[in-house]
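Here is the structure we will look at, set down as structure tokens.
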Amino acid sequence: MKSTKQLGDLIIGIDKEIKTNIERELKEYGIGIGLLQILLYLFSKGDKPFSQIELVKFLKIDKGNISRSITKLIDRDYIEENPRNSKSYQLSKMGLQLQDVIIFKFSKLNQSMMMGIDETDLNTTINTLNIVMRNLEDIK
């Protein structure tokens, strides 16, 4: 059972280090993990407007947190109200520019994380972690 505990500890440690690195890299933009989750979702939507309800459902974050995050993103000029529908939002010009910055920083972080890892070892690790994820999702 020791290896299972070590795996869980390692996953938690990796998660913590990734979040710490991301927050350090995005601090100058006023972006933490919570706001980043929303921005990543918006980047995946392109220029399509989104609603608060859509974010609540997709990110599984309560409406109050989403509302506060939207306010912060508007205040930082990363998103704006949709001019055609005041109950929906869209990325602003500054938000679109931030997308390039975030993608660059993620790419740099990914390269640093994968340094010295053989492709075969990486594929084995990814496959193993996918099995772990499916097993966790199947727990009822």
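Mind telling me which of the residues L136, L98 ends up being in a helix (DSSP H, G or I), over 17 Å from I18 (Cα atoms) and in contact (Cβ under 8 Å) with a residue 24 or more places away in the chain?
Only one candidate passes the filter, namely L98.
Please enumerate the residues belonging to segment 20-55 that are over 11 Å from the mean Cα position of the chain (by Cα), among the aliphatic types (A, V, I, L, M) and at pLDDT below 90.
L55
Which of the residues belonging to segment 24-58 are under 18 Å from I102 (Cβ atoms) and part of a loop (DSSP other than H, G, I, E, B)?
G30, I31, G32, G46, D47
Results for (1) assigned to a helix (DSSP H, G or I); (2) over 16 Å from the mean Cα position of the chain (by Cα); (3) at pLDDT 90 or above; (4) small (G, A, S), shown as yes or no for each residue.
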{"position": "T4", "(1), (2), (3), (4)": "yes, yes, no, no"}
{"position": "L7", "(1), (2), (3), (4)": "yes, yes, no, no"}
{"position": "I18", "(1), (2), (3), (4)": "yes, no, yes, no"}
{"position": "E81", "(1), (2), (3), (4)": "no, yes, no, no"}
{"position": "K108", "(1), (2), (3), (4)": "yes, no, yes, no"}
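For the condition under 16 Å from the mean Cα position of the chain (by Cα), part of a helix (DSSP H, G or I) and β-branched (V, I, T), what is the one hit in I70, I61?
I70
Would you check which residues across segment 53-92 are of a type in the set (S, T, N, Q), in contact (Cβ under 8 Å) with a residue 24 or more places away in the chain and surrounded by 13 or more Cβ atoms within 10 Å (Cβ to Cβ) and list them?
Selection gives N65, S69, N82, S88, Q90.
For segment 16-27, name all the residues that are of a type in the set (D, E) and free of Cβ contacts under 8 Å to residues at least 24 places away in the same chain.
Result: E17, E23.
Pairs only if they're at least six apart or on different chains, beta carbon under 8 angstrom, first in segment 28-51 and without any contact (Cβ under 8 Å) to a residue 40 or more places away in the chain, second of a type in the set (K, R) and surrounded by fewer than 16 Cβ atoms within 10 Å (Cβ to Cβ); list them, first residue then second.
Close Cβ pairs satisfying both conditions: I33/K19; S51/K87.
Given the condition small (G, A, S) and either surrounded by 12 or more Cβ atoms within 10 Å (Cβ to Cβ) or under 27 Å from I11 (Cα atoms) (or both), answer yes or no: does some residue in segment 105-115 qualify?
Yes, segment 105-115 contains at least one residue that is small (G, A, S) and either surrounded by 12 or more Cβ atoms within 10 Å (Cβ to Cβ) or under 27 Å from I11 (Cα atoms) (or both).
The values are calculated or read from the model by the stated rules, or taken from the named source; none is laboratory data. Note that the structure is predicted; figures quoted are calculated from it, not measured. Quick reminder, even Gly has a Cβ in these numbers, built from the backbone with ideal geometry, and neighbours come from all protein chains shown.
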